[in-house]
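Every number in this text was worked out from the coordinates using simple rules, so none of it is lab data. Remember, predicted model here, so these are calculated numbers, not experimental data. Cβ: placed from backbone, ideal geometry, glycine included. Neighbour counts: every protein chain shown.
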Amino acid sequence: MATTTEALQIVTFAVAGDLFATDIFSVERVLRYQAPRPVPNTPPWLLGVIDYQDRVVPVLDIRARFEVPPAAATSATRILVFEVDEQWVAALVDSVQEVVTIARSDIEAPPDLFRGLTKDYLLGLLRRPKGVVIVLDARKLFTSHERLVLEQVSGGTNV
């Protein structure tokens, strides 16, 4: 049985000046930025696809997902490849900060003002010297409808 002192490794990343994190075991790889190939008739939160290890991987615009203004890619921009339900899905982030080990008990429950979908993919908040880190559950970043879109894009597109 897990205890509240269980260790958790997280990867932290920045988006629009805010710090986020997710369990390191949900991250397949951190890639340098490469422009995704656009796919016609897809939602605005889907930038396109990349070819990674002989797979077509959809790339999520996490800024659009979090409803923050777009920004041009920089030398620090990275693509995080997540493993979600045995599928690879990537997300464009402004930068990757670090991998750290924390106690699971250090993650505080999200305040009640987080409701709906946001609360579903939010594991909690973590206080760090650089500020509050929003800890995400990568498996829950997408609704069932969005997962269908991602499956269609990755299954039917040649890069």
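Table for the structure above
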item: Chain lengthening between residue 140 and residue 51 when straightened (0.36 nm per residue, less Cα-Cα); result: 29.7 nm
item: Residue-averaged [θ]222 nm for the chain, counting only DSSP H segments that reach four residues, each worth -39500 (n - 2.57); result: -3500 deg cm²/dmol
item: Between 0 and 90°, nearest 10: helix 144-155 axis offset from the chain longest Cα axis; result: 50 degrees
item: Among beta bridges that DSSP assigns inside the chain, antiparallel share in %, nearest 5; result: 85 percent
item: Cut-off 10 Å between beta-carbons: net charge of the residues surrounding residue 71, Lys and Arg +1, Asp and Glu -1; result: 0
item: Spin-label pair residue 95/residue 148, simplified geometry with 7 Å Cα→Cβ offset, distance in nm; result: 4.0 nm
item: Contact order normalised by residue count of region 1-65, Cα under 8 Å, 6+ apart, percent; result: 21 percent
item: Residues 49, 27 arranged by fewest to most Cβ contacts within 10 Å; result: 27, 49
item: Cleavage-rule hits, GluC sites (Glu not before Pro), region 23-124, DSSP coil, Cβ neighbours within 10 Å at most 14; result: 67, 86
item: Rel. contact order, % - alpha carbon contacts under 8 angstrom, at least six apart, the chain; result: 29 percent
item: Gyration tensor (alpha-carbon) shape descriptor, region 48-113, a/c threshold 1.5; result: prolate
item: Kirkwood Rh and Cα Rg combined as Rg/Rh, region 7-155; result: 0.94
item: Potential lengthening between residue 85 and residue 105 on full extension [0.36 nm per residue; Cα-Cα distance subtracted]; result: 4.7 nm
item: Exposed-loop-free span, longest in the chain, where trypsin sites (Lys or Arg not before Pro) count as exposed if DSSP calls them loop and at most 11 other C-beta atoms lie within 10 Å; result: 1-114
item: Positive minus negative residues near residue 83 (Lys, Arg vs Asp, Glu; Cβ under 12 Å); result: -1
